[in-house]
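> Structure below; questions to follow.
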Amino acid sequence: MLAVLFSQEKGLYVDTVDDPVLTSEEVLVQVEACGVCGSDRQVVEGRMPLPFGSPVPAVLGHEIAGRICDANVSSVHSSVLVYPFVPCGQCRLCQTGYHHLCLQQKVIGYQMWGGYAELVKVPKSQLIPYDGVRLTPEVAALLVDAFATPYHAIRQSHLEAGMTALVLGAGGLGVAAVMLLHVLGVRAMGLSSRTEGLALFERAGAEQVESLETDARALGRQIRRWSGGGVDVVLDTYGNSRSLQTALDFVRPGGSVMVLGMHDGDVQIAQMQQFVRKGITVTGSYASEKVEIVELISMAEQGILNSHAMIERVTTLHELPQVFETDTRSAGRIVVKPTE
């Protein structure tokens, strides 16, 4: 099969490798689409090491939509998404329902070869069926992480219709967050340093958009005026010192900051008194639960959620290494279609 491999020495490169060898608990999936996540960019650019236990070379890509092509598996639903977080099933976190936080987990796309390939082997437990007639593979693939990660954070924050939320960053996670907030009836404002990001926020349904380069005092007055004294929840997709301070400045007393982004450097809170006296809750939100992807599939199949609007570009396996080199700050999501 054709695959895009990665090693720190050679970077990303296209090669032909043997088809996966299956165990009795695995199935073979033909990859029809795979989203390009920001965490893959961090690994390829050397800002984050390959997660512990990853093979070298690795096949990245964890937002996978495909078709079951293993003859030993019969299923009414041949179109499937791949839930990439494979828990151990035995630890205390798994036993108490926190499978996505399992410290022994393997992630398809890191510790196990992922979706930047024509084929991928997947444990049967990780398959989630979807309607391949109603949803195209590239639309469905983005539900796995680009939408599931902010959806998990939104659920954790207990946002409800009529409340206010501030989204920092117009990458894939940020734009998806605004789309989800719009669907849920939450008033959303988007902040981005990029003009194209502000345009994406507007198309996604943000009630207000502002540049992060705006004078801080003027921006603060506008946000407090819009939200009635401070937003209920901030969704921070940057996860750096500047964005965290911005979140603390604009969230209301007693409000919540949900941090989704994973900055590769040290992050500090500059105003500890502000943080404590305002009674702010800061929560790290990682990944998602399988049930949340099922809920997103339902939204998309009903036409409530249009994830296609977030696709910036569709590319091929042969073009993927060059895409990583040239499109370093894409707005929205790039999707790989190995069959093209």
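The values are calculated or read from the model by the stated rules, or taken from the named source; none is laboratory data. In this text the structure is predicted, and so the values were computed from the model without any measurement. Here the Cβ is made from the backbone with ideal geometry for all residues, glycine too, and neighbour counts use every protein chain on show. What goes into the accessible areas is simple: the full protein's heavy atoms, side chains included, and nothing from ligands, DNA or RNA. Shrake-Rupley method; radii C 1.70, N 1.55, O 1.52, S 1.80 Å.
> Got a sec? Which of A218, A170 is at pLDDT below 95 and either assigned to a loop (DSSP other than H, G, I, E, B) or aromatic (F, W, Y) (or both)?
Values: A218 fails: either assigned to a loop (DSSP other than H, G, I, E, B) or aromatic (F, W, Y) (or both).
Within the list A218, A170, the selection yields A170.
> Do we find that I128 is surrounded by fewer than 22 Cβ atoms within 10 Å (Cβ to Cβ) and under 20 Å from the mean Cα position of the chain (by Cα) in this structure?
Here the answer is yes, as I128 does meet what is asked.
> Check V31 against each of (1) open to solvent by less than 50 Å² (accessible area, probe 1.4 Å); (2) more than 30 Å from Y238 (Cα to Cα); (3) out of contact with any helix residue (DSSP H, G or I) (no Cβ under 8 Å at 6 or more places or on another chain) and name the one condition it does not meet.
Going through the list (1) open to solvent by less than 50 Å² (accessible area, probe 1.4 Å); (2) more than 30 Å from Y238 (Cα to Cα); (3) out of contact with any helix residue (DSSP H, G or I) (no Cβ under 8 Å at 6 or more places or on another chain), V31 breaks only (2).
> Moving to a separate point now. May I ask you to list pairs of residues, at least six apart or on different chains, whose Cβ atoms are under 8 Å apart, with the first in region 314-326 being free of Cβ contacts under 8 Å to residues at least 40 places away in the same chain and under 19 Å from A65 (Cα atoms) and the second being among the charged types (D, E, K, R) and open to solvent by 80 Å² or more (accessible area, probe 1.4 Å)?
T316/E340
> Same structure, new question: Any residue in region 82-102 that is among the aliphatic types (A, V, I, L, M), within 24 Å of L173 (Cα to Cα), modelled with pLDDT of 95 or more and crowded, with 23+ Cβ neighbours inside 10 Å?
Taking region 82-102 and keeping what is among the aliphatic types (A, V, I, L, M), we get 82, 86, 93, 101.
From what is left, the residues that are within 24 Å of L173 (Cα to Cα) are 82, 86, 101.
When the remaining residues are screened for being modelled with pLDDT of 95 or more, the result is 82, 86.
Among the residues that remain, those that are also crowded, with 23+ Cβ neighbours inside 10 Å are: 82.
Yes, some residue in region 82-102 is among the aliphatic types (A, V, I, L, M), within 24 Å of L173 (Cα to Cα), modelled with pLDDT of 95 or more and crowded, with 23+ Cβ neighbours inside 10 Å.
> Continuing with this model, one more query. Would you call V122 among the hydrophobic types (A, V, I, L, M, F, W, C), out of contact with any His (no Cβ under 9 Å at 6 or more places or on another chain) and open to solvent by less than 40 Å² (accessible area, probe 1.4 Å)? If you could, list the steps in order and put the result at the bottom.
Numbers: among the hydrophobic types (A, V, I, L, M, F, W, C): yes; out of contact with any His (no Cβ under 9 Å at 6 or more places or on another chain): yes; open to solvent by less than 40 Å² (accessible area, probe 1.4 Å): yes.
Judged against the criteria, V122 is a match.
> Shifting gears a bit: Looking at R203, is it closer than 20 Å to I311 by Cα, at pLDDT 90 or above, part of a helix (DSSP H, G or I) and open to solvent by 30 Å² or more (accessible area, probe 1.4 Å)?
yes
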